[in-house]
Amino acid sequence: MESLPLDFKLKLLGRILSQSQKDSEQVQREQDQLSPPEGDQDRKDVVAIIMTKDRAFQLQECLRTLFNYCDGNFFQVHVLCNVEGRFKKSYDAVREKFPSIKFHLDTSSKEFAENLYALVAANSKNLLCFLVDDMIFYRQFSLSSIVDVMKDSKILGYHLALHPNVTFCQPSGKKAIVPSDMSLIASGARDSMRFRRILGTEDWNYPWNLCGGIYRGSDSLAVLKCIESKSGRLAFGHPNHFEVNGNIAISSAKLDEKRPYSACPKHGLSSVITINRVQDIYKNPIYIPEKIFTSPTNEESVVDCKRSVHGSEKFETESSEHESISLKPGSVDYMDKLFWRGDSLDSDAYAKLKPISVHISQMQIKSVPQNSPST
């Protein structure tokens, strides 16, 4: 058994689990018909919480494409933002473009943790959709269908950025084995898949994901309380800490046993454009933009990138107003320039891609034609 390939072992485990769970799932279905699954009677709406730092252009595009492709309305949309002074004007402009969105500014880990906890506690009876600012949406999805999926008490969360074509994990640089029990959810959901996390690897067995993860508010609050009881509130004082410690808390709180399944779309509808890093807590690999291609009509630009390895990113941190601002493609200052130029990301171009990873390098830009200089 030790010499067998990992993917073969997982498939074998899947067959064993499928056989052993058949009777118990039938019993569960019969019980669900008699009474709603635990927690469902409290669930009302979907509330989005987006985390952002110094990336107004990417936040704008995340919000714009989210609203364009989401078939349904979020009850509320909240933005947790940490902004350096030189980007404040850009964020003010985003706020004006989306007046219904509530912005929560923080200047420290303590404030982020307090804002996060307050939002989760206030929405413990809703579904919470966690997003990061460098996500883009490019295919229609139904919010009401996801609500129906989450009525299954065995499902922990719905992952907007996952889909069956994901076979590579960009952060780890490893193969991501797709669970062998992936199955289409028939009732109440359009084009959604259910899978048992333990039968997959990397992204497929990463239960707590802030890149488009939708969870019950009650579970989210349990995760926060578990983290706080073990390590203090500052242990979720940063999005990266929240995600890493959240995955540990899922196991500590026994949520992985209570809800062993997760769900995702049948087709890719969202990706994370990983071309810059605005945190120094983890040396996550990023794609380094090397050159930008612009079409003769100046209507579309594509940035060509290469993947960096852990700890060797050629990323410059512009921390002082007295330092020269880098306009290297992909840098936060370069992206801010695109923001004020009125550029956008080309959702149609992203829809034509067939990404094998949640995190991608392609930056498909629709550029606004610039006036020729006067002579």
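Residues in segment 229-257 that are assigned to a helix (DSSP H, G or I), without any contact (Cβ under 8 Å) to a residue 40 or more places away in the chain, open to solvent by 20 Å² or more (accessible area, probe 1.4 Å) and not aliphatic (A, V, I, L, M): how many?
Residues meeting the conditions: 8.
Would you say ARG95 is in contact with a Pro (Cβ under 9 Å, 6 or more places away or on another chain), surrounded by fewer than 19 Cβ atoms within 10 Å (Cβ to Cβ), modelled with pLDDT of 95 or more and of a type in the set (D, E, K, R)? Let's see the steps before the verdict.
Working: in contact with a Pro (Cβ under 9 Å, 6 or more places away or on another chain): no; surrounded by fewer than 19 Cβ atoms within 10 Å (Cβ to Cβ): yes; modelled with pLDDT of 95 or more: yes; of a type in the set (D, E, K, R): yes.
So ARG95 does not fit the description; no.
If the Cβ limit is 7 Å and pairs must be 6+ apart or interchain, which residue in segment 55-77 that is more than 22 Å from LYS89 (Cα to Cα) and modelled with pLDDT under 95 pairs with which residue that is open to solvent by 10 Å² or more (accessible area, probe 1.4 Å) and aromatic (Phe, Trp, Tyr)?
Matching pairs, first to second residue: ASP71/PHE141.
Checking VAL178 against (1) surrounded by 18 or more Cβ atoms within 10 Å (Cβ to Cβ); (2) touching a residue at least 60 places away in the same chain (Cβ under 8 Å); (3) not in a strand (DSSP E or B), which single condition isn't satisfied?
Here VAL178 meets the rest and fails (2).
State all residues of segment 75-109 that are assigned to a loop (DSSP other than H, G, I, E, B) and either within 14 Å of ASP54 (Cα to Cα) or of a type in the set (Gly, Ala, Ser) (or both); if no residue qualifies, say none.
Residues satisfying the conditions are VAL83, GLU84, SER100, ASP106, THR107, SER108.
Does ALA161 fit the bill of being free of Cβ contacts under 8 Å to residues at least 60 places away in the same chain and either in a loop (DSSP other than H, G, I, E, B) or over 27 Å from PHE67 (Cα atoms) (or both)?
no
Does segment 156-166 include one or more residues that are out of contact with any strand residue (DSSP E or B) (no Cβ under 6 Å at 6 or more places or on another chain), surrounded by 17 or more Cβ atoms within 10 Å (Cβ to Cβ), closer than 23 Å to CYS62 by Cβ and modelled with pLDDT of 95 or more?
Looking for residues that are out of contact with any strand residue (DSSP E or B) (no Cβ under 6 Å at 6 or more places or on another chain), surrounded by 17 or more Cβ atoms within 10 Å (Cβ to Cβ), closer than 23 Å to CYS62 by Cβ and modelled with pLDDT of 95 or more, one finds at least one in segment 156-166, hence yes.
Going through PHE137, PHE103 one at a time, which residue ends up being at pLDDT 95 or above, open to solvent by less than 40 Å² (accessible area, probe 1.4 Å), in contact with a helix residue (DSSP H, G or I) (Cβ under 8 Å, 6 or more places away or on another chain) and under 19 Å from MET193 (Cα atoms)?
None of the others qualify; the one that does is PHE137.
The values are calculated or read from the model by the stated rules, or taken from the named source; none is laboratory data. Please read all numbers here as calculations on a predicted model, not as lab measurements. A quick note on method: Cβ atoms are made from the backbone with ideal geometry, for glycine too, and the neighbour counts reach across all protein chains shown. Calculation scope for accessible area: heavy atoms of the full protein, side chains included, ligands and nucleic acids excluded. Shrake-Rupley method; radii C 1.70, N 1.55, O 1.52, S 1.80 Å.
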